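Read through the structure below, which is laid out as structure tokens, and then see the notes.
The values are calculated or read from the model by the stated rules, or taken from the named source; none is laboratory data. Every value quoted in this text rests on a predicted model; they were computed, and no experiment measured them. Don't worry about glycine lacking a Cβ; one is built from the backbone with ideal geometry, like all the others, and counts go over all protein chains shown. The area values use the complete protein model at the heavy-atom level, side chains included, leaving out ligands, DNA and RNA. Shrake-Rupley method; radii C 1.70, N 1.55, O 1.52, S 1.80 Å.
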Amino acid sequence: MFGMAGVNLRLEDAMALRNTVGGPVLEPGSEGCEAECATYNLTCGLRPAVVVGASSELDVRAAVRFAVRHGLPVAVKSAAHQMVSSAQGGLLITAQRMGRISVDAQERTVRVEAGVRWSDVLPRTAEFGLAPIVGSAPNVGVVGNTLGGGQSPLLGRTLGYAADHVRWLSVVTADGELRRVTPQSERDLFWALLGGKGNFGVVTEIEFEVFPVERFYGGGLYFAGEYLAQVLEAWRAWLPTVREDMTSSMDIQRLPDTRRCPSRCAAPS
Ligand SMILES: Cc1cc2nc3c(=O)[nH]c(=O)nc-3n(C[C@H](O)[C@H](O)[C@H](O)COP(=O)(O)OP(=O)(O)OC[C@H]3O[C@@H](n4cnc5c(N)ncnc54)[C@H](O)[C@@H]3O)c2cc1C
């Protein structure tokens, strides 16, 4: 038996799952499981009963069907910058092996699988003078970011949210079916997914628009917390003086002491 929090799966069940998916199936304590569950935010640890390292949409379908058969909640981990559930006792699908990207410079669209990060997309579109509506952190996952709206502190003031420029999504819903979701084919699901994170299914692929960006000037300025009041005052005074195409945002973070946790912090970044 394996699993936790009252969820016990028989070894035969795990074997059956292994036989249906191409990627690894890991249980707590098995080799590679901790690395597979590692998160960027060290306060959001994952404690699933079983992990499926999906390598294709077929794997995602098999994992969702398995979870439904065994009454397990499903959680998805893409680039692991923001887990919204601990996956306690559930089935965790990890997406990092799904890394296909295709760029259509003519149509100005990009299609990516669920494990792709913005840092993978940017160099591919830059070749054509194009850019997606990307957030401030390049290592954030495209799908996770877009499903939350995808606010862009870089291009957002001019072009809006990343979610507003999605053409379609491929999604495995709770019935284990793969659906191509467009505003025409599945109007409500399309609307719910873009803002609803992983609550309506597991997205395996997404297509979105990209935009010509000829010139870009940007970056980040970092100040120690003791200067917060002065920095906020200066920022407030400066903002009304900038052009409409200038996007600026402020972030206040208490960062962990990475010297204390070298192994865990070495995981995804
Ligand atoms: C340093 C930092 C900077 C950030 N900057 C910005 C920013 O500038 N703008 C902005 O909008 N956001 C920003 N964010 C927030 C970020 O967009 C979200 O945390 C986003 O969800 C990260 O996606 P991920 O794939 O890395 O995370 P994950 O933790 O892997 O996934 C987050 C959640 O997204 C859902 N999800 C992920 N993949 C799938 C999938 N394939 N199918 C269904 N659901 C899925 C799940 O609910 C999952 O729990 C930032 C976060 C960090 C840590």
With +1 at each Lys and Arg Cβ and -1 at each Asp and Glu Cβ, the charge dipole magnitude of region 101-212 around its Cα centre, to the nearest 20 debye, comes out at 260 debye
Around Arg167, which amide H atoms from residues at least 5 apart in sequence, or from another chain, sit under 5 Å from its own amide H, with H modelled in the peptide plane? Glu207, Phe208, Glu209
Got the relative contact order for region 11-94 handy, in percent, Cα pairs under 8 Å and 6 or more residues apart? 34 percent
Scan around Ile93 for amide H atoms under 5 Å from its own, H built in the peptide plane at 1.01 Å from N, and keep only partners 5 or more places away or cross-chain. Val52, Ala75, Val76, Lys77
Accessible surface, region 101-212, averaged per residue in Å² (probe 1.4 Å): 45 Å²
Length added when fully stretched, Ala192-Arg47, from 0.36 nm per residue minus Cα-Cα: 49.5 nm
Rounded to 0.05, the calculated FRET efficiency for the beta carbons of Phe223 and Ala16 at R₀ = 51 Å is 0.40
I want the local charge near Thr158. Using Cβ-Cβ distances under 9 Å, sum +1 for each Lys or Arg and -1 for each Asp or Glu among the other residues. -1
Principal-axis tilt of helix 11-20 within the chain, Cα atoms, nearest 10 degrees: 60 degrees
Sketch the reach of a paramagnetic label on Met246 as a point 7 Å from Cα along Cα-to-Cβ, and name the residues of region 205-238 whose backbone nitrogen lies under 13 Å away. 217-219, 235-238
Run through the DSSP bridge list for the chain and note the antiparallel percent, rounded to the nearest 5. 75 percent
Using a Förster distance of 41 Å, how high is the FRET efficiency between Val213 and Arg254, based on the Cβ-Cβ distance and rounded to 0.05? 0.80
The chain: calculated mean residue ellipticity at 222 nm from DSSP helix runs of at least 4, using -39500 (n - 2.57): -7000 deg cm²/dmol
Please list, ordered by chain and number, the residues whose modelled amide H lies under 5 Å from the amide H of Ala114; skip anything fewer than 5 residues away on the same chain. none
Cα-centre dipole for the chain with unit charges at Cβ (Lys and Arg positive, Asp and Glu negative), debye to 20: 300 debye
What's the center-to-center distance, using Cα atoms, between region 24-53 and region 56-91 in Å? 11 Å
Simple spin-label estimate for Arg157 and Gln184 in nanometres, 7 Å along Cα-Cβ: 3.7 nm
Computed over the chain, the relative contact order (Cα-Cα under 8 Å, seq sep at least six) in percent reads 17 percent
Distance between modelled label sites at Ala174 and Ser56, nm, 7 Å Cα→Cβ extension: 2.8 nm
Carbon and sulfur atoms: what percent of the 1.4 Å accessible area of region 101-212 do they account for? 47 percent
Ordering of 156-166, 47-57, 207-217 by packing [mean C-beta count within 10 Å, highest first]: 47-57, 156-166, 207-217
Considering only region 11-94, percent of DSSP beta bridges that pair antiparallel, nearest 5: 20 percent
